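One structure is given below, encoded as structure tokens.
The values are calculated or read from the model by the stated rules, or taken from the named source; none is laboratory data. Worth saying up front: this structure is predicted, and the values here are computed from it rather than measured. Cβ: placed from backbone, ideal geometry, glycine included. Neighbour counts: every protein chain shown. Please note that ligands, DNA and RNA were not included when accessible areas were found on the heavy atoms of the full protein model with its side chains. Shrake-Rupley method; radii C 1.70, N 1.55, O 1.52, S 1.80 Å.
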Amino acid sequence: MKTPEISPARSQAAQAAQTAHAHTVPQLPTDQELVLKVIPMPADCNANGDIFGGWVMAQVDLAGSVLPARAVRGRFATVAVNQFIFKQAVKVGDLLSFFSKVTHMGHTSMTVRVEVFAERILGTHEGYLKVTEASLTYVAIDAAGQPRPIERPAIK
């Protein structure tokens, strides 16, 4: 018996659907803090009609800076993007939820993991898609822009 041939277009569509399903999560993380929600607009699109990756990166940097802002209580700067993975395209009208968690606390710096989930509120897709994940490092700085220690609360 001969197996039917699958057209390249149908094969690509099936693969895209399977990939999207693989990234669908039934619920959002409970071990991280929701630090930002935003809906991308048409002005944020690239030439392909998807949301520009640079826009997503800027939002991730803002979301990633929330936890360091609380810990540092002063000036700090993004010093490294250790990892940045675009898992799925972000679409106009997606409701994006940014979750953050401190993964490392050093003497002058801290590393934060950011995960971004899209809720496709304009389509028929149910659930959430993990669209981006990143790891960023922030360093506390003094008035001269030099690294300074992050003060930790005293243990009682």
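Counting only protein heavy atoms and a probe of 1.4 Å, the accessible surface of region 68-125 is 54% carbon and sulfur. Taking amide hydrogens as placed 1.01 Å from N in the peptide plane, the amide H of Val92 sits under 5 Å from those of Ile51, each at least 5 positions away in sequence or on another chain. Each peptide in 65-72, 42-49 was scored by the mean count of other Cβ atoms within 10 Å over its residues; highest first, the order is 65-72, 42-49. Within the straight-line cut-off of under 20 Å between alpha carbons, the aspartates and glutamates reachable from Lys130 are Asp31, Glu33, Asp44, Asp50, Asp61, Asp94, Glu115, Glu119, sequence neighbours fewer than 8 places apart in one chain being disregarded. Rolling a 1.4 Å probe over the protein chains gives Phe117 an accessible area of about 10 Å².
Relative contact order of region 62-156: 35 percent, from C-alpha pairs under 8 Å at least 6 residues apart in sequence. Taking amide H atoms as placed 1.01 Å from N in the peptide plane, the amide H of Tyr128 lies under 5 Å from those of Val25, each 5 or more residues away in sequence or on another chain.
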